[in-house]
Every structure is written in C-alpha cells, then in structure tokens.
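Presented below is the structure to which this report refers.
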C-alpha cells in the first residue's frame, strides 16, 4: 500500500489529466457510448479504428482495453457508421 500527501495527489491528478486527457477538458466518450449512439456493435467500430475511423485513445493496458474519443471524434464515428454500415445492411436486405 502506498500513502500520498494531499499535494502529491493533486500533482498526480494534474499529470493524469495532461497525459491521458481525462478530466473536464476535453471530456472523453467511451467506445460503448459511441456504439450506442451509432446503434451498432462495439466490434463494428473496433475493427475499423485507425483506418476508416479515428484511432482514439487507449485508456488501459488490460486484456479488455478501454478506448476514449473526443466529442468531435465520436460524432465523426457515428456519422461514418450511419452512412456506410447501415447502407450495406439495407442493400443486403436486413432490417434497419
């Protein structure tokens, strides 16, 4: 167990906000929330990260990675999914 002074805690928070972009500015939107807004599965987005879609920011190094996107990137992803993925489904005859 490690104990920090209040000054050290504030310094750590400041460093985390700067390096990981967590905190009030800019607020990051999680991958699950982006998928919900786009009405698609997480896998649909995850397969295209860095190619057709913005790469985002990896927020953890665990087996199940957590991704975050700025609000602007989230809007771009939702618009791309609605334009490309849904159109393919409709052409294939799937229900929307």
Practice problem: Could you work out how far apart the two model spin labels at residue 70 and residue 7 are, taking each label as a point 7 Å from the Cα in the direction of the beta carbon, and quote it in nm? | Solution: 3.4
Quiz item: Which FRET efficiency value, to the nearest 0.05, do you get for residue 47 and residue 17 by plugging their Cβ-Cβ distance into 1/(1 + (r/R0)^6) with R0 = 30 Å?
Solution: 0.50
Quiz prompt | residue 57 paired with residue 33, simple spin-label distance in nm, labels 7 Å along Cα-to-beta-carbon | solution = 1.3
Exercise. Sort the following peptides by mean Cβ neighbour count (other Cβ atoms within 10 Å, averaged over residues), highest first: 40-53, 1-14.
Key: 40-53, 1-14
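Each reported figure results from applying straightforward, stated rules to the coordinates on display, with no laboratory input. Given the structure is predicted, the values throughout are model-derived calculations rather than measurements. Note: ideal-geometry Cβ built from the backbone for every residue, glycine included; neighbour counts use all protein chains shown.
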